[in-house]
């Protein structure tokens, strides 16, 4: 294999846009020519306008883009089969040195499709952004996803895990080279030095200067569990404590109705998708992250990097980042009273020292640390 062609693959385009820019820059510096395969039509967590713009950006850079119908549901068998055929054809034609795949379904499809290519020298790297089986996960998740991931590990050269629970579990399989990498890396210095007009942006978001604002960033979905924070907010008898949700999703109407039913509709702000999250982080007072499931959450790391105190759920990934009582407060996913207590403590003034602690914690998750690890990993697999 004389070429240095690399395929970067994920289920949806936003996974590559948001989480792999630095990886692609590293590969280009190493002399690799990159192709991208993902679903550019459906499923991205950013807006379709952003997806279209991202595709144009890639094409301007000379990167080949393959719109692959990888679904986010395991029940869309037709799309999975078509994606498998397309990726297998690509690997046969391009003789990739590396195929780096992401996301559960994309990772499974790619690894099955690359079985023959591996015999002729292609190295398959899979980044697990959080296994669907974990402590506390449903039995159905364990019955479906655990055997699939373990089987696919036999078709994997390097399995990258980004939290300690996944790393420990994957190491027991003894099927491939398992690496721990502390996330995708956060540009902590850039986030901290972001310039922002605090008064103007708070006005735009409908926030008064006297308000104390908790922020959540992410899809309005069952997995992100925003309901527990809304219910906790209703228990805090202070009209100046508010909750800002940045993102969109299928639960938006339900969450708005819940806030109305709890008589706090004027304290819950739905901003929709925003492209200026790093600025918003500088105009809020704390960060709420009540997810039911995480790998190693980027939005939480970004909030910590600017010194925000945290109230979050006690799940894998969150607990890798937030030490209860030091960087914030950690509670069970459905502990409304706990979230209300933690939020009240932060409003009362406990947040400043927590924010300073979080800035220190984020040094080990900084982009420079992660990029050094990924550079060596890519070098090892290009040789």
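Bear in mind these aren't lab numbers, they're just calculated from the coordinates by the rules spelled out. This one's a predicted model, so the numbers in the text were calculated from it and none came from an experiment. Cβ coordinates were reconstructed from backbone atoms using ideal geometry, including for glycine residues, and neighbour counts include every protein chain displayed.
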- Message: I'd like the distance between the alpha-carbon centres of region 174-202 and region 40-64, rounded to an integer number of Å.
- Response: 21
- Query: Taking neighbour counts of Cβ atoms within 10 Å as a proxy for exposure, in what order, fewest first, do 176, 152 appear?
  - Reply: 176, 152
- Message: Can you compute the modelled spin-label distance between residue 278 and residue 28, with each label point 7 Å from Cα toward Cβ, in nm?
- Response: 1.7
- Query: So for 102, 334, 282, fewest C-beta neighbours within 10 Å to most, what's the order?
  - Reply: 334, 282, 102
- In the set (1) 31, 25, 17; (2) 37, 21, 20; (3) 40, 26, 20, which value of semi-axes √(5λ) of the Cα gyration tensor in Å was calculated from the structure you see? (2)
- Task: Would you calculate the separation in nanometres between label points at residue 208 and residue 373, each defined as 7 Å from the Cα along the Cα-to-beta-carbon direction?
- Result: 4.5
- Consider a paramagnetic label point 7 Å from the Cα of residue 21 along Cα→Cβ; state which residues of region 285-328 have an amide N under 15 Å from it. 298-299, 302
- Query: Within region 38-53, what residues put their amide N at less than 20 Å from the label point 7 Å along the Cα-to-Cβ vector of residue 95?
  - Reply: none
- What list do you get for 345, 302, 49 if you sort them by fewest beta carbons within 10 Å? 49, 345, 302
- Nearest 10, in degrees from 0 to 90: the angle of helix 336-345 to the longest Cα principal axis of the chain is 70
